[in-house]
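Asker: The structure is given below, and queries will be raised subsequently.
Where a number appears in this text, it was derived from the coordinates with a stated rule and is not lab data. Worth saying up front: this structure is predicted, and the values here are computed from it rather than measured. Cβ coordinates were reconstructed from backbone atoms using ideal geometry, including for glycine residues, and neighbour counts include every protein chain displayed.
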Amino acid sequence: MRYLNLTLPSVAENIALDSALLDEAEAAGGAVEMLRIWESPELAVVVGRSSRFEQEVDLDACRRQGIPVMRRDSGGAAVVIGPGCLMYAVVIGQHRTPGLRRVDAAHCHVLGELARAIRPLVPAITCNGTSDLAVGDRKVSGNSLRIKRRHILYHGTLLYDFPLDRIAQLLRTPPRMPDYRDGRPHGDFVANLPVSAEELTDALRTGWRADQPRDGWPRDRVARLVTERYLEGDWCAPR
């Protein structure tokens, strides 16, 4: 698997790059697999493809604080990202395991791989809910996916040194909650992993056997996606 450690200047560019890597893999014909690691230099809220901004996000709070609110090209609920929240994305071929086109099978496969990769650092980490990683009853990672004909994009968050109080300040109570949350507010539900970003990065690279560094990235495709999608219409909330 190839490996790309790259954070672009803006939230829109970083979201676009995940999508561009999936598009690139699809266009290549054969299986093209990639692990990308990045970390947003600024606070931002990112919602799922079908989410309603006003239902999941305190838009007034975000506007007052100048925090961008963007939509990603995958499902799931809103997350707050920024320094202290490591972001990862894997593009994997559907040849990897039978049934990977099914959403439940994809969640099961990739979350299992993530948990196995991190478990040497955090033995208590488990898969929980539909698409979470948790330590005990606290969520430490939220994830979502996009399925195409030959590849899937699976990406998410890994909290390690994040100001957790910002989540409750910027997000509303989600419209859908996993059973293990048991109705708890954000502050009683999320937690940081007791590890560093470097340790997490090394664990993911080892777990996914991402030992082929990649130098370039699809600049033109990212630029088009930012201009034509992520800064237009319903893909970003007015600031």
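Asker: Does region 117-182 classify as rounded, prolate or oblate by the C-alpha gyration tensor (a ≥ b ≥ c root eigenvalues; a/c under 1.5 gives rounded; else a/b over b/c gives prolate, otherwise oblate)? The partial results should precede the final answer.
Answerer: Details: a/c = 1.60, a/b = 1.17, b/c = 1.36.
Oblate, because a/c is 1.5 or more while a/b does not exceed b/c.
Asker: Further question on the same structure: Taking only C-alpha pairs under 8 Å that are 6+ residues apart, what is the relative contact order of the chain in percent?
Answerer: Relative contact order for the chain comes out at 27 percent.
Asker: In region 35-121, which trypsin sites (Lys or Arg not before Pro) are in a loop and have at most 16 other Cβ atoms within 10 Å, using DSSP for the loop call?
Answerer: Filter output for region 35-121: R49, R52, R101, R102.
Asker: Shifting gears a bit: Step through the residues of region 97-111 one at a time and calculate ³J(HN,Hα) from phi using the Karplus curve (6.51 cos²θ - 1.76 cosθ + 1.60, θ = phi - 60°), rounding each to whole Hz and writing x for Gly and Pro.
Answerer: 8, x, x, 5, 6, 7, 4, 5, 5, 5, 4, 4, 5, 6, 4
Asker: Comparing G136, G183, G29, which has the greatest mean-square fluctuation in the GNM of the chain with Cα pairs linked when under 10 Å apart?
Answerer: Comparing G136, G183, G29 in a Gaussian network model of the chain, the most mobile one is G29.
Asker: With a 10 Å cut-off between alpha carbons and a GNM built on the chain, which of A61, A20, A197 moves the most?
Answerer: Most flexible of the set in this elastic network: A61.
Asker: Using alpha carbon coordinates only, what is the Rg to Rh ratio of region 117-239, with Rh defined as the Kirkwood radius? Don't skip to the end; give the middle numbers.
Answerer: Numbers: Rg = 17.2 Å, Rh = 17.2 Å.
Using Cα coordinates only, the ratio equals 1.00.
Asker: DSSP loop chymotrypsin sites (Phe, Trp or Tyr not before Pro) in region 148-199 with at most 11 other Cβ atoms within 10 Å of their Cβ, which ones? Write out the running numbers ahead of the final one.
Answerer: Details: sites: Y154, Y160, Y180, F189; in loops: Y160, F189.
Passing sites in region 148-199 do not exist.
Asker: Okay, next question. Identify, among L200, M34, L170, the residue whose Cα sits farthest towards the positive end of the charge dipole of the chain, taking +1 on the Cβ of Lys and Arg and -1 on the Cβ of Asp and Glu, with the dipole about the Cα centre.
Answerer: The Cα lying farthest towards the positive end belongs to M34.
Asker: Tell me the mean residue ellipticity at 222 nm calculated for the chain from its helices only (DSSP H runs of n ≥ 4, each -39500 (n - 2.57), averaged over every residue, nearest 500).
Answerer: Computed ellipticity for the chain at 222 nm equals -8500 deg cm²/dmol.
Asker: Using C-alpha positions alone, give me the convex hull volume of region 19-126 per residue in cubic angstrom.
Answerer: 138 Å³
Asker: Express as a percent, rounded to the nearest 5, the fraction of DSSP beta bridges in the chain (both residues included) that run antiparallel.
Answerer: Expressed as a percentage, antiparallel bridges in the chain total about 75.
Asker: To the nearest 20 debye, what is the magnitude of the charge dipole of region 2-235 about its Cα centre, counting +1 on the Cβ of each Lys and Arg and -1 on the Cβ of each Asp and Glu?
Answerer: For region 2-235, the charge dipole is close to 640 debye.
Asker: Output ³J(HN,Hα) for region 38-45: one whole-Hz value per residue in order, computed from phi by the Karplus curve 6.51 cos²θ - 1.76 cosθ + 1.60 with θ = phi - 60°, and x for Gly and Pro.
Answerer: 7, 8, 4, x, 9, 5, 7, 10
Asker: Right, another one. Given [x] 1, 5, 9, 11, 10, 8, 7, 6, 6, 7, 8, 8, 6, 5, 3, 1, 1, 0, 0; [y] 1, 6, 14, 19, 21, 18, 12, 6, 1, 0; [z] 1, 7, 14, 16, 16, 14, 11, 8, 6, 3, 2, 1, 0, 0, 0 as candidate values of P(r) over Cα pairs in 5 Å bins from 0, in percent, which corresponds to the one derived from the coordinates?
Answerer: [y]
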